[in-house]
1. Can you compute the charge dipole magnitude of segment 226-414 about its Cα centre, using +1 on each Lys and Arg Cβ and -1 on each Asp and Glu Cβ, nothing else charged? Give it in debye, rounded to the nearest 20.
2. Would segment 184-233 count as rounded, prolate or oblate if I go by the C-alpha gyration tensor, calling it rounded below 1.5 in a/c and otherwise prolate when a/b exceeds b/c, oblate otherwise?
3. Leaving out ligands, DNA and RNA, and with a 1.4 Å probe, what % of the accessible surface on segment 442-551 is carbon or sulfur?
4. Relative to the longest principal Cα axis of the chain, at what angle does helix 650-672 sit, 0 to 90 degrees, rounded to 10?
5. Residues of segment 664-813: accessible area per residue at 1.4 Å, in Å²?
6. Take the solvent-accessible surface of the protein heavy atoms, probe 1.4 Å, and return the percent of it on segment 155-298 that carbon and sulfur atoms account for.
7. Nearest 10 degrees is fine. How inclined is helix 50-68 to the longest principal axis of the chain, computing both from alpha carbons?
8. Given [x] 41, 36, 31; [y] 53, 29, 27; [z] 59, 42, 22, which label gives semi-axes √(5λ) of the Cα gyration tensor in Å as computed from the coordinates?
Amino acid sequence: MTSKYNPQEIEIKWQARWAEDHLYEVRDDDPRPKFYALTMFPYTSGDLHVGHWYALAPIDAYARYMRMKGYNVLHPIGFDAFGLPAENVAIKQGIHPFIWTMNNIDTMRRQLKKMGNVYDWSREIITCLPEYYKWTQWLFLQLYHAGLAYRALAPANWCPHCQTVLANEQVMSDGTCERCQTPVTRRLLEQWFLRIARYAEELLNFDSLDWPERVKIMQHNWIGRSEGVEIAFPLAGGEEPISIFTTRPDTIYGVTFLVLAPEHPLVSQVTTNSHRQAVNAYIEAAARQSDIQRLSTEREKTGVFTGSYVINPLNGKQVPIFVADYVLLSYGTGAVMGVPAHDSRDFDFAKKYDIPIPVVIAPPGWQGEELAAAHVESGIMVNSGQFNGLSSEEGLKAITDLMEVQGYGKRTVTYRLRDWLISRQRYWGAPIPIVYCPQCGTVPVPESQLPVLLPEDAEFRPTGESPLKYNAAFLNTICPRCHSPAQRETDTMDTFICSSWYFLRYVSPHYNAGPFDPEKLRLWLPVDLYTGGVEHATMHLLYARFFTKALRDLGLVNFDEPFLRLVNNGTILADHQKMSKSRGNVINPDEYVSRLGADAMRAYLMFMAPWEQGGDWSAQGINGIARWLKRVWDLVHSERERGHKSVPNDSTLMELRRLIHKTTKKVAKDLEAFHLNVMLASLMEYTNFLAKMEKSYAIPEPLWQEAVEKLLLLLAPTAPHLAEELWQRMGHPYSIHNHPFPSWNEAMVTEEEFTLIIQVNGKLRDKVVVPVTITKEEVQALVSGRPRIQPYLKNGRVDRLFYIPGRLVNIVN
């Protein structure tokens, strides 16, 4: 058998053997405790690039580690297969989305298998196949019947380039489309929504989740909980009042105008004939702006007077009503009270339109002068009738109490989170299972008629409307209730619907009686560990949490949260830039795998940088990892000549034994914490130490065997092929991946001595090895007698001494 390390030959050999033996197929009746490890499944964009490897390989190492720790590990893989890119290819290149997608999946599956991951391929799911999206449609119907899915006329974010509606989460902070960077505009459309806002309060509770703090903060800010008061301002003339929401009722005496969002249903009613033309023109202009653009702090505030007034319920004054695009219908009530002295945005608006700016919360030292800028902090109430002299905090409570007693105000909570818009004017998505009948209205497709299949002969045109609208065979149908001619819904679902429940399907991917087998769901869910990029914080992760809670309330699942622990991976860069085809800097892993092997690629991606941060790709770096793996190979195959080597003493042997246990503990703890680069560094140090020991000493065979076996077991999660091959060559039974992860003796890990740093007035003056049990009194006696320290002592005495156990002592004289 050759002693030359040939990773390509070894990896092909073991991948075939593992597949033939079904080594990684997961049994539901396994008596070991379960562990569900999952990473966000890849979109079917084509070849896997190194970024995919960066996301997928490290969690595979963790899954392998948990298998060796005695868990029955489910670590499945699938493909997020619906979406806009496939349809754009159909338009540009004339390739059907299904063909393009399935070809990509074939390529990606082949590449994924080269990683050597512990995937149970019998559990693979593909979201664009009818066997999957049948159940996406079924879940939509359950939400519909429960009142959690509804259709409404609403303004929508519209991307002119992608020719489709975008959810708020898909609009970037600069008002552009997240996919193509085209400025997003607004359209008024009949669309389907899911009532995620109903779960806003519960989604703010992260108590049971081991998640990164920044993800929790991002979701908290996106949900945007505000406590305040809803106040009814009567229309002058006795019409229906206009309700506003405010968090500052203490400023109500300073209201000098009221603003409606351009989309507010009362705009038409309150606009007088003499102002209607100007208001309508303003509304049309506002419709061409995205919410992000309208809320920009950089943008000048504009508005238009409607000609009507409301009455301030506290002081009885008339307040003019404006329409302004900096107010959104989607937040609060779509109307706000303008308090220019105490809100910066209102201040700018009042200055522009020459609106009075009365002060009602006095800044410190205020003597009645005009304000140069809005005073937005707390203070003492003035010009506020019976509430003068109260602090703003006291006034807030007192005014709210009064309004609640008198019936024109009530305490309430509002949220920034809006219901989830799921309609897409696209072909390549799950059809919404709804029929529109002239006699019966909106009719859900019966479950027995699912799936509603996508037609294969759709025509793809960049019209901004779904190709399904022009496919007569799909569009025209029979009403399930009255059997009269009817038409299908031609919008498809947002692809995030598919990924909001895919983790449930993995437990029973071929189950035909429902979206998942309830018994297997109880066995495996929730997911114990989930990994993926932080960019999904306010979309996929939030949607999946909502879906889980909604299905729980429908009695379909028995848990509250989908993912108990979340670990985010960073982004791998090329020359300090994010990889993209347009830049031409995408790293193809196949080249490196064919030359250096999958194990080298896996290990390098774990070693190159802290996994949660990401970093720059380095061809030199991966070559260094490949050389280290070759040193491991050579170490196991080394001819152990004993004649010219020294006989190690007991201290040397103890040093080796202690390092075996220390490295074992270090690797285990670093793997669990995803400190993967630190874990690999420990293995490299251990390898180097063994090489030096083997070169210099005639190590007893049993101890040497133990040291090398531990190295292979610790290496197995990271470099599974190399570890398997060397394990076999050492004569051990197949497979190393079924062998328990090594344990350690805590007594062998605990240090008996440490190097004490001795400082005088903060400067290093000496070092000495001391027992870990040394006391402060013993330290003082020791350092007083040190020849290097005595010249710095006054009268040969230590006056003051600060001791940090296990690290250093500082003498202050």
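1. Dipole size: approximately 320 debye.
2. Verdict is oblate for segment 184-233.
3. 49 percent
4. For 650-672 against the chain, the angle is about 20 degrees.
5. Per-residue accessible area for segment 664-813 comes out at 49 Å².
6. That fraction is 48 percent.
7. It works out to around 60 degrees.
8. So the structure-derived entry is [z].
The values are calculated or read from the model by the stated rules, or taken from the named source; none is laboratory data. Keep in mind that this is a model prediction, so the values were computed, not measured. Cβ: placed from backbone, ideal geometry, glycine included. Neighbour counts: every protein chain shown. When the accessible area is computed, the model is the full protein with side chains, heavy atoms only, and any ligands, DNA or RNA have been set aside. Shrake-Rupley method; radii C 1.70, N 1.55, O 1.52, S 1.80 Å.
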